[in-house]
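Have a look at the structure below before the remarks.
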Amino acid sequence: MKNLLLAIIFNLSFTIISSQNIPSPTEFLGYELGTQSTRHHQVVAYFNAVAEATDQVSISTYGSTYEGRALQIASISSADNLSNIDEIQRNHLIQSRLKEGIVSSLAPKSIVWLSYNIHGNEAVSTEAAMKTIYTLVTEKSEWLENLVVLMDPCINPDGRDRYVNWYNQVKSTPFDSNPIAGEHFEDWPGGRYNHYYFDLNRDWAWASQKETQQRLKVYHKWYPQVHVDFHEQGVNSPYYFAPAAEPLHEIITDFQKDFQHIIGKNHAKYFDNEGWSYFTKEVFDLLYPGYGDTYPMYHGAIGMTYEQGGSGRAGLSIKNEIGDYLTLSDRIAHHYTTGLSTIETAHKNSALLNSEFRKYFTPIKAKYATYIMEGEPGKLAGLRKLLDTHHIPYSSPRNKTSVKGWDYIKQKNTTQTFNSGSLVLNGNGQRSRLIQALFEPNTKISDSVTYDITSWSLPYAYGLKAMASQQTIKNTIPFKADVKNSNTSSKAYAYAAPWRNFEDGKFLAALLKEKIRVRYNLKPIENGGQLWAEGSVFILKGENKTLESFDATLREIATKTKQKITPLASGFSDRGLDLGSNQMEFIAPKRVGLIKSKNVRPQGYGEVWHFFEQQLNYPITQIQMDRLNDRNLDQFDVLILPPGSYSNFASKDSELLKWIKKGGRIVALGSAVNAFSDNDSFSLESKTNDHKDEDEDDKQNIPFAAIERNNISSAIYGSIYEVDIDNTHPLGFGYEKKYYSLKNSERSYVFLKDGTVGKLAKNIKPLAGFSGSKATEKQSESMVFGIENIGRGSVVYIIDNPLYRGFWENGKLWVMNAVFH
């Protein structure tokens with residue numbers, strides 16, 4: 001008994017001494033949390049200091065941002081657990097059937113992952129992270145016996161520092177709570193986004209951004225049972241926590257729903273005690289797979305969003321609509337409370353979380369047993385890269401096979417034959433729920449009032465022939481990609497390459513950067529034993545004879561871009577155009593500009609910027625709109641107008657209109673197209689609502705409670721439409737006669753007299769996703785892609801932005817056609 005008492009006293013004394021050695025945020029930073037906004041490097045330094053002071057924390061750097069800031073994750077558990085962390089991780093994966101092996105005798109632990117500051121200007125969460133880790137290791141260590149807590153203190157350091165640096169520069173001393181003060185209105189583009197202005201909380205599923213790609217590598221080493229994504233919302237909004245709102249995706253299990261309630265009730269206990277306002281089951285749904293709550297949900301976790309009022313407007317203090325002052329300290333307290341409450345709930349329910357998580361990855365009988373796809377090798381390669389990112393296994397049928405099921409193109413049950421090189425997904429396997437979420441033809445929506453887009457089916461996004469079937473394809477083999485060998489020949493007259501997908505565009509961009517002269521054909525050609533469709537890439541040796549090491553450079557570019565080039569022995573074609581024909585158009589290197597203004601949508605701008613710099617690897621110059629004078633305009637061949645709001649754009653006698661008439665080209669994306677509609681300088685016409693007067697009359701008779709649902713009848717939330725394509729037009733080169741477009745707006749335009757390249761049929765209906773009845777009616781016989789010639793120049797209208805969130809892979813060729821053809 002005496003020895004036991006001495007042991008207790010020793011352990012208590014050791015804990016007290018250890019706690020005294022761990023610096024609090026205030027001690028380390030030199031100011032009270034909530035009185036200043038903390039820069040990212042200070043946060044990194046604080047977490048490192050905590051890890052140095054205690055054996056309950058281990059810090060690892062898992063990557064860096066585009067601007068070079070460190071991405072770190074803290075592993076927090078008992079000292080014994082951290083000393084066995086690799087074994088705990090391995091056991092967790094084996095028990096969950098995510099890894100083969102034998103589980104050791106070590107008791108299982110539950111994994112809780114807390115993600116902070118994915119939106120840079122929702123800056124309170126990183127402040128709260130510092131307070132949370134300190135309390136966890138100094139006061140709540142007993143919770144760590146059966147838990148491993150993974151804490152990412154700042155997912156988006158570039159955005160955070162953009163916001164914090166701006167705020168610290170413009171705020172009054174000590175602050176101004178007046179909501180009209182300048183410190184409550186960020187300059188464009190704001191701190192929400194990463195370096196390329198992508199919303200990282202829409203990118204979990206598509207992994208288009210460097211930060212996401214690096215984070216997912218860590219996520220798939222752990223697979224937490226609980227994941228929390230900390231956010232902020234409007235200044236006047238009370239706190240939100242789970243359970244989530246409808247629509248909930250049908251693959252979410254009853255246990256996941258129930259446990260959200262368990263956690264929510266625990267939060268409510270603390271909020272009730274403090275008298276803090278909160279709400280649940282509203283606004284924030286669980287449908288779109290790219291969120292920090294849904295993506296973990298579709299991997300078996302209890303995924304949740306927590307939303308604190310404030311966001312980029314609140315600063316250190318702001319007066320809200322009822323006259324109360326919302327301070328940074330208040331906001332920290334709320335996120336700190338839900339963070340600890342989450343860990344506490346996981347600690348108390350660890351055994352339940354472990355047992356239910358194991359069940360999640362048990363193979364099930366899903367809606368579809370098989371998803372099978374085939375298409376251009378480049379398109380399949382892009383999809384396989386995404387599947388590898390998400391650890392989704394795939395295979396191929398051993399032989400050509402006949403499959404009965406739902407045909408994505410014909411929109412009905414048919415029987416189709418697929419080649420042995422097709423890609424097969426097991427819809428009943430361990431990843432069945434995630435596969436269904438990403439690949440099902442049409443997501444079931446339990447409530448049309450939703451927070452985001454409602455369709456994203458990947459076979460449409462990648463432009464693939466696809467079937468969803470209840471049939472199991474048993475005779476499969478590992479997928480084997482085609483090996484592209486690119487050889488040059490001293491006897492070749494020319495070289496040819498196809499033009500069918502984004503990878504072909506990367507090849508062309510690389511050629512132009514190296515000043516290799518390139519042509520494309522306006523009509524089909526048969527040469528070298530192959531049929532070359534319109535838009536194919538031709539490199540004539542005679543036109544490049546002044547280039548040193550031409551063959552070696554060409555071979556190097558083809559290898560780097562994974563492009564197969566075919567040597568052609570003669571310019572005399574077997575059928576169609578000869579290679580010296582005037583209908584073999586020369587592709588000059590294009591000087592491309594990206595227009596910037598405060599009225600441009602930051603995400604749309606960033607999508608173009610990222611596409612050229614990080615994907616296509618082709619130079620693009622960013623230029624402010626107010627600098628578009630005649631001297632500057634002459635430096636560009638193409639100007640890209642990203643989605644945004646533009647007034648008096650290219651008006652009569654403007655320098656911009658003169659530049660177009662002299663041969664310049666504008667490429668207008670998404671909402672930017674509206675700048676040209678009903679404009680005297682252009683012939684584009686927007687479609688009007690034929691029932692406008694009736695709508696106004698109807699509104700007067702709508703009950704207040706029904707107004708929101710009535711309004712969505714005029715809205716489109718990310719629906720997929722079938723577009724008829726004139727693929728003999730250079731803007732449509734590389735496409736089939738049908739294209740599947742992701743439509744995010746009800747805007748619609750009348751066919752151009754000449755130059756309509758992509759259009760919607762009469763009485764068109766969406767193939768997937770929600771489109772309100774009035775919005776759908778407006779799409780009938782409307783233009784989606786078109787080009788209008790103005791003098792010697794042109795304007796390209798791309799109504800549905802194909803670069804949206806960087807994941808609609810089959811749409812990227814539209815932008816390359818618009819720029820280079």
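Considering only C-alpha atoms, what is the centroid distance from the range 338-406 to the range 604-621, in Å?
Cα centroid of the range 338-406 versus Cα centroid of the range 604-621: 31 Å apart.
Let me have the relative contact order for the chain, percent, based on Cα pairs under 8 Å that are six or more residues apart.
About 10 percent, as a whole number.
Using the C-alpha atoms of the range 295-342, what convex hull volume per residue, in cubic angstrom, is computed?
Taking only Cα atoms, the range 295-342 has a hull volume of 94 Å³ per residue.
What is the packing order of peptides 765-775, 79-89, taking the mean over residues of other C-beta atoms within 10 Å and listing the highest first?
Highest mean packing first, the order is 765-775, 79-89.
What helices does the chain hold that run 24 Å or longer along their axis, going by alpha-carbon atoms, with a Kyte-Doolittle average of 0.5 or more, using DSSP H for the helix calls?
Correct list, ordered by number: 2-21.
Quote to one decimal, in nm, the extra length available between Lys658 and Thr173 on full extension: 0.36 nm per residue of separation minus the C-alpha distance between them.
Value of the extension gain: 169.7 nm.
Which whole-number percent of Cα pairs in the chain have a distance greater than 47 Å?
Here the long-distance tail beyond 47 Å is 27 percent of all Cα pairs in the chain.
Between Asp578 and Asp630, what is 0.36 nm times their sequence separation minus the Cα-Cα distance? Round to one decimal in nm.
Extra length from Asp578 to Asp630 when fully extended: 14.7 nm.
What FRET efficiency would be calculated for the residue pair Lys140, Thr546, taking the C-beta separation as r and a Förster radius of 60 Å, to the nearest 0.05?
Step by step, r from the Cβ atoms, then E = 0.25.
Longer than 32 Å from Cα to Cα, which of Lys560/Lys743; Lys564/Lys762; Lys513/Lys778; Lys687/Lys812; Lys140/Lys265 are they? Say none if no pair is.
Lys560/Lys743; Lys564/Lys762; Lys513/Lys778
Any chance you could list the semi-axes, whole Å, largest first, of the equivalent ellipsoid that the Cα gyration tensor gives for the range 72-229, using √(5λ)?
Working from the Cα gyration tensor, I get semi-axes of 36, 20, 9 Å.
What is the distance in Å between the Cα centroid of the range 262-283 and that of the range 755-821?
45 Å
Compute the relative contact order of the range 303-397 as a whole-number percentage, counting only Cα pairs closer than 8 Å that sit 6 or more residues apart in sequence.
After rounding, I find 14 percent.
What distance in nm separates the two pseudo spin-label positions at Lys523 and Asn599, each 7 Å out from Cα along the beta-carbon direction?
Result: 4.5 nm between the two label points.
Let's see if you can work this out: charge +1 on each Lys and Arg Cβ, -1 on each Asp and Glu Cβ, no other charges. What is the dipole magnitude of the range 43-200 about its Cα centre, in debye to the nearest 20?
280 debye
For Lys385 and Phe586 in the same chain, what is the full-extension length gain: residue separation times 0.36 nm, less their Cα-Cα distance, in nm?
69.0 nm
Based on the Cα gyration tensor of the range 583-686, what are the three equivalent ellipsoid semi-axes, each the root of five times an eigenvalue, rounded to whole Å and given largest first?
Sorted largest first and rounded, they come to 21, 18, 14 Å.
Could you give the distance between the Cα centres of the range 147-180 and the range 33-82, to the whole Å?
Cα centres, the range 147-180 to the range 33-82: 17 Å.
Give me D for the range 145-297 in µm² s⁻¹, whole number, from Stokes-Einstein with Rh from the Kirkwood sum over alpha-carbon pairs, 10 °C and 1.306 mPa s.
For the chosen part, D equals 88 µm²/s.
Output the peptides 292-302, 456-466 sorted from most to least packed, where packing is the average of other Cβ atoms within 10 Å over each peptide's residues.
Output ranking for 292-302, 456-466: 292-302, 456-466.
How high is the FRET efficiency from Ser105 to Asp324, r the C-beta distance, R0 45 Å, rounded to 0.05?
E between Ser105 and Asp324, to the nearest 0.05, is 0.25.
May I ask you to work out the translational diffusion coefficient for the range 355-435 at 20 °C, viscosity 1.002 mPa s, via Stokes-Einstein with Rh from the Kirkwood sum over Cα pairs, reported in whole µm²/s?
My calculation gives 155 µm²/s for D.
What percent of all Cα-Cα pairs in the range 157-225 falls in each 10 Å bin, counting up from 0?
Values per bin, smallest distances first: 18, 36, 24, 17, 5.
Set Lys and Arg Cβ to +1 and Asp and Glu Cβ to -1, take the dipole of the chain about its Cα centre, and tell me which of Ala51, Ser141, Ser24 lies farthest positive.
Ala51
Suppose every K and R has +1 on its Cβ and every D and E has -1 on its Cβ; what is the size of the dipole of the chain about the Cα centre, in Debye to the nearest 20?
That gives a dipole near 3040 debye.
Taking K and R as +1 and D and E as -1, what net charge do the other residues with C-beta under 10 Å from the C-beta of Lys737 add up to?
-2
Between Asn711 and Glu685, what is the label-point separation in nm under the 7 Å Cα-to-beta-carbon projection?
3.1 nm
Ignoring ligands, DNA and RNA, what percent of the accessible area of the chain is carbon or sulfur (1.4 Å)?
Within the chain, the accessible surface is 47 percent carbon and sulfur.
Quick one: pull the percentage of alpha-carbon pairs in the range 29-158 with a separation above 22 Å.
Summing the P(r) tail past 22 Å for the range 29-158 gives 40 percent.
Given the range 357-474, what count of lysine pairs have C-alpha atoms under 16 Å apart, with each pair 8 or more places apart or on different chains?
Value for the range 357-474: 12.
Working from the alpha-carbon coordinates of the range 361-502, get Rg over Rh, Rh being the Kirkwood radius.
Across the range 361-502, the Cα-based Rg/Rh ratio is 1.04.
So, with +1 on the Cβ of K and R and -1 on the Cβ of D and E, and no other charges, what is the size of the charge dipole of the range 107-252 about its Cα centre, to the nearest 20 debye?
Once rounded to the nearest 20, the dipole reads 440 debye.
Where Lys and Arg each count +1 and Asp and Glu each count -1, what net charge lies around His227 among other residues with Cβ under 13 Å from its Cβ?
For residues surrounding His227, the net value is -2.
Less than 15 Å apart at the alpha-carbon level, and either on another chain or at least 8 residues along: which aspartates and glutamates does that give for Lys269?
Leaving aside aspartates and glutamates fewer than 8 places away in the same chain, those within reach of Lys269 are Glu344.
Find the accessible area per residue for the chain; the probe is 1.4 Å, ligands and nucleic acids are left out, and the unit is Å².
Using a 1.4 Å probe on heavy atoms only, each residue of the chain averages 41 Å².
For the range 270-380, compute Rh as the Kirkwood radius over C-alpha pairs and then the Stokes-Einstein diffusion coefficient at 4 °C and 1.567 mPa s; write the answer in µm²/s, rounded to an integer.
The estimated diffusion coefficient comes to 71 µm²/s.
Taking loop as defined by DSSP and a crowding limit of 10 other beta carbons within 10 Å, which GluC sites (Glu not before Pro) in the range 294-352 fit?
Loop-located and lightly packed - Glu321.
What number comes out for the charge environment of Glu722, summing +1 per Lys or Arg and -1 per Asp or Glu over other residues with Cβ under 15 Å away?
So the environment of Glu722 carries a net charge of +3.
Go through Met373, Tyr394, Thr414 and say which Cα lies farthest out towards the positive end of the charge dipole of the range 349-415; charges sit on Cβ, +1 for Lys and Arg, -1 for Asp and Glu.
Thr414
Binning at 5 angstrom from zero up to the longest distance, how are the C-alpha pair distances of the range 543-628 distributed in percent?
With 5 Å bins starting at 0, P(r) equals 3, 9, 13, 15, 15, 13, 10, 10, 7, 3, 1.
Please give the residues of the range 248-265, grouped as numeric ranges, whose backbone N is less than 19 Å from a label point set 7 Å along the Cα-to-Cβ vector of Lys281.
248-250, 252-265, by backbone N distance to the label point.
Could you compute Rg(Cα) / (2.2 N^0.38 Å) for the range 253-326, with N its residue count?
My calculation over the Cα atoms of the range 253-326 gives 1.34.
Run the simple label-point estimate for Thr414 and Asp254 please: 7 Å along Cα→C-beta, distance reported in nm.
Going from the Thr414 label point to the Asp254 one covers 4.0 nm.
The values are calculated or read from the model by the stated rules, or taken from the named source; none is laboratory data. Keep in mind that this is a model prediction, so the values were computed, not measured. Ideal geometry is used to build each Cβ from the backbone, glycine not excepted, and the neighbour counts take in all protein chains shown. Keep in mind that these areas ignore ligands, DNA and RNA; they rest on the heavy atoms of the full protein, side chains included. Shrake-Rupley method; radii C 1.70, N 1.55, O 1.52, S 1.80 Å.
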